[in-house]
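Visitor: Handing you a structure now.
The values are calculated or read from the model by the stated rules, or taken from the named source; none is laboratory data. Keep in mind that what you see is a predicted model, and the values were worked out from it rather than measured. Glycine gets a Cβ as well: all are built from the backbone with ideal geometry, and neighbour counts include every protein chain shown.
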Amino acid sequence: MAKVKAWWRDAAKIDKKKIASLGSAALLSYGFVSNVFYVTSLMLATYTAVKTTGASPLVNSLSMKTFASSYFGLWMIQNFLRPARFALSVAISPGTDRIVEFFRRYAPNNDKKWAFALTVFCINVVGTFAYMFAGFGLIVALTGVPLELSSFGGLLAAAKTAKTGAV
């Protein structure tokens, strides 16, 4: 048990620089794993808020408070799980490298930098948004409560007003 505790303590100190030293596939994998974990937390917090209050966090202050407290708790868990996320990233990096090589066939001049960029865009950007919006759709289907995503702009304006202290 002492060995596990020591590994966990050491692994918790790992940062992006350390991951980058393992190669681009590990860095890309870490980004992917982090996105999946954090988007899952976002969806769980949203589901909790909607299920608890019956309203979208984007239009209801009680729901927003529920969302915020849920997300904060999940965020804390995410930080505790950083060593596990790192280990998972390293474990899937060979597969990530194969994906980069797949995109290399379609990259200009078979350039690995372009293939890496294509992989980041397709997997980490498009894939993350697809996962997130599919999750939001599932939340709406499970709860019957629309998330009112059109209210997101108003939420940003309110946050900006709160930050600047303007009334």
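Visitor: Before we move on, is Gly144 at pLDDT 90 or above, more than 19 Å from the chain's Cα centre (by Cα) and surrounded by fewer than 16 Cβ atoms within 10 Å (Cβ to Cβ)? Spell out how you get there, then give the answer.
Guide: On the way: at pLDDT 90 or above: yes; more than 19 Å from the chain's Cα centre (by Cα): yes; surrounded by fewer than 16 Cβ atoms within 10 Å (Cβ to Cβ): yes.
Considered against the rule, which asks whether it is at pLDDT 90 or above, more than 19 Å from the chain's Cα centre (by Cα) and surrounded by fewer than 16 Cβ atoms within 10 Å (Cβ to Cβ), Gly144 comes out as yes.
Visitor: Could you list, in sequence order, all residues of segment 130-141 that are closer than 13 Å to Asn35 by Cα, surrounded by fewer than 17 Cβ atoms within 10 Å (Cβ to Cβ) and aliphatic (A, V, I, L, M)?
Guide: Ala130
Visitor: Take segment 41-84 and flag every residue that is among the aliphatic types (A, V, I, L, M) and either closer than 29 Å to Ala26 by Cβ or surrounded by fewer than 18 Cβ atoms within 10 Å (Cβ to Cβ) (or both).
Guide: The first filter runs over segment 41-84 and keeps only residues among the aliphatic types (A, V, I, L, M), leaving 42-45, 49-50, 55, 58-59, 62, 64, 68, 74, 76-77, 81, 84.
Leu42, Met43, Leu44, Ala45, Val59, Leu62, Ala68, Leu74, Met76, Ile77, Leu81, Ala84 - these are the residues of segment 41-84 that are among the aliphatic types (A, V, I, L, M) and either closer than 29 Å to Ala26 by Cβ or surrounded by fewer than 18 Cβ atoms within 10 Å (Cβ to Cβ) (or both).
Visitor: Report, by residue number, each residue of segment 103-129 that is assigned to a helix (DSSP H, G or I), more than 24 Å from the chain's Cα centre (by Cα) and either of a type in the set (A, V, I, L, M) or loosely packed, with under 13 Cβ neighbours inside 10 Å (or both).
Guide: Correct list: Pro108, Asn109, Asn110.
Visitor: Within segment 34-78, can you find the residues that are β-branched (Val, Ile, Thr), over 24 Å from Val125 (Cα atoms), touching a residue at least 60 places away in the same chain (Cβ under 8 Å) and part of a helix (DSSP H, G or I)? Can you show your working first?
Guide: Step one: of segment 34-78, the residues β-branched (Val, Ile, Thr) are 36, 39-40, 46, 48, 50, 52-53, 59, 66, 77.
Subsequent filtering for residues that are over 24 Å from Val125 (Cα atoms) retains 48, 50, 52-53, 59, 66.
Going one step further and asking which of them are touching a residue at least 60 places away in the same chain (Cβ under 8 Å), we end up with 50, 59.
Selection gives Val50 alone.
Visitor: Quick one: Arg82 ticks every box in (1) free of Cβ contacts under 8 Å to residues at least 60 places away in the same chain; (2) over 23 Å from Phe136 (Cβ atoms); (3) of a type in the set (Lys, Arg) bar one, so which box is it?
Guide: Answer for Arg82: the failing condition is (1).
Visitor: So Arg98 clears everything in (1) modelled with pLDDT under 90; (2) among the basic types (Lys, Arg); (3) surrounded by fewer than 17 Cβ atoms within 10 Å (Cβ to Cβ) except one condition, right? Which one?
Guide: Exception for Arg98: condition (1).
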